[in-house]
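Notes for the one structure printed next.
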Amino acid sequence: MPGHRPTRIDTLLAVGTFTLVAAAVATHGGTPVQLVAGYCYAAGFGALPLLARNRPVPVLLATVAGVVTYYMLDFAPVGLATHTAAVLYVAADQGRIRVATLLAGALLASSVVARLGEGDDPSIVLGVDLGTQAALMVAVIALGDAVRSRRALRAELARQAAVAADERRAETARQVEAERLRIARELHDTLGHAVSVVTLQSAVAQEALADGAKDDAQVALAAIRAAGGSAMSELRATLRTLRRDTGHRHPDPGIGDLPALVDGVRRGGLPVDLQVEGDPRTLPAVVGTTAYRVVQEALTNVLRHARATRAQVTVTATGNLLSLDVVDDGHGPDPHTRHDEHGYGLRGMSERVDLLGGTVDIGQARTGGFRVHAELPLPGGPP
């Protein structure tokens, strides 16, 4: 486990260990050679805590060996905990609790056997001395493990906080993307339909003016004006949403607005039959808006591409399902065009229906024209 630099606590433990052992050596006295050797041992015991963070197990073994030789050379007795406490703490802090406990127990057992063999009083060896040394060793091991656990807890909390922050950012990004797609669909549906009507009616007005039919030209221009006004109203509502305007917001269109939509297409020169079965007034607003947008996009495509002479819109509301059918008698879909090449409008239509758990089928009608069929589940229906 290389790479761990000694911490400030490690340095303090090293200084404390050296000071205690060196003070005991100085107090005990002896020959100059014994004093020098004793100070060297004190320096060695002081250096071990600085190495324990990178090599806890070898340092623990070196500490045990150092304690054994220290007492074999008859240096000043200072107890076992004085030499080993710092290393036991660092080893436990590094997660080596079992090794630290095992070696501390072996060292205590060896000390008891050696002292009893030397004739020390058993009541002292097995009583106060053993209890004190064992308590100190257990305390420093427990303290090191507690510090490690607290550090691990802080790291885990930091990790969870980082994960939560990432999830919040991802959720925000998803919401922004969903809102962006919603606005794109709204703009395409509203402006696309209006532009189609304007394009068609401008052609009608141009032909009428060329033929001298001023009344027909005025009707076409009125249809252009109505389509432009509707588009501007929808655009203002979208801009108010983007600006977070709290003022009056134009309500989203629903099934009840289909007659006005169909009338606008009729004024554009395409006869459209509208048939509504069931009671659409009880539909949820989001279902009604989705149904309106599906019909709007389907009729827009009829005006743009189908070269049809008539279209039929059928809306059927049952207890658990809303069914939509828009069929024209135009030239039908291009067999060489894939479904994903129909454009943003049909893609947006499919996205709207999918959000409500519905289905949409786009393709050739039995009569040869183009058909858009959508089914939207209603509350209370089967999942």
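The values are calculated or read from the model by the stated rules, or taken from the named source; none is laboratory data. What you are looking at is a predicted structure, and each value in this text was computed from that prediction instead of being measured. All Cβ positions, even for glycine, are placed from backbone atoms using ideal geometry, and neighbour counts span all protein chains on display. What goes into the accessible areas is simple: the full protein's heavy atoms, side chains included, and nothing from ligands, DNA or RNA. Shrake-Rupley method; radii C 1.70, N 1.55, O 1.52, S 1.80 Å.
Give me the percent of the accessible area of the chain that comes from carbon and sulfur atoms, probe 1.4 Å, all protein chains in place. Write out the running numbers ahead of the final one.
Working: 13060 of 21560 Å².
For the chain, the apolar C and S fraction of the accessible surface comes to 61 percent.
Between L12 and D74, what FRET efficiency comes out of the Förster formula 1/(1 + (r/R0)^6) with R0 = 25 Å and r the beta carbon distance, rounded to 0.05? The value I calculate is 0.25.
Taking the Cα atoms only, what angle lies between the long axis of helix 97-117 and the longest principal axis of the chain, rounded to 10 degrees? The answer is roughly 10 degrees.
Of the DSSP beta bridges with both residues in the chain, give the percent that are antiparallel, rounding to the nearest 5. Before the final figure, lay out the partial values.
Details: 20 of 26 bridges.
The answer is about 75 percent antiparallel.
At the residue level, Y39 shows approximately 90 square angstrom of accessible surface with a 1.4 angstrom probe and all protein chains present.
Along the axis of the charge dipole computed for the chain (Cβ charges of +1 for Lys and Arg, -1 for Asp and Glu, origin at the Cα centre), the listed residues T11, T289, G29 are led at the positive end by G29.
Principal-axis analysis of the Cα atoms of the chain puts helix 56-72 at an angle of about 10° to the longest axis.
Between 0 and 90 degrees, the angle of helix 80-93 with respect to the longest Cα principal axis of the chain falls at about 10 degrees.
Simple rule: put +1 on each Lys or Arg Cβ and -1 on each Asp or Glu Cβ in the chain, find the dipole, and look at N320, A100, G278; the Cα lying farthest toward the positive end is A100. Charge dipole of region 9-159 (Cα centre as origin; +1 on each Lys and Arg Cβ, -1 on each Asp and Glu Cβ, all else neutral): 820 debye, rounded to the nearest 20.
Karplus-based coupling profile of region 356-372, in residue order and whole Hz: 9, x, x, 10, 9, 10, 10, x, 7, 7, 5, 7, x, x, 10, 9, 10, with θ = phi - 60° in 6.51 cos²θ - 1.76 cosθ + 1.60 and x standing for Gly or Pro. Listed options for Rg and Dmax of the Cα atoms in Å are (i) 19.8, 62; (ii) 22.5, 96; (iii) 43.6, 135. The value calculated from this structure is the one marked (iii).
With 0.36 nm allotted per residue and the present C-alpha distance subtracted, the Y39-A170 stretch has 41.0 nm of extension available.
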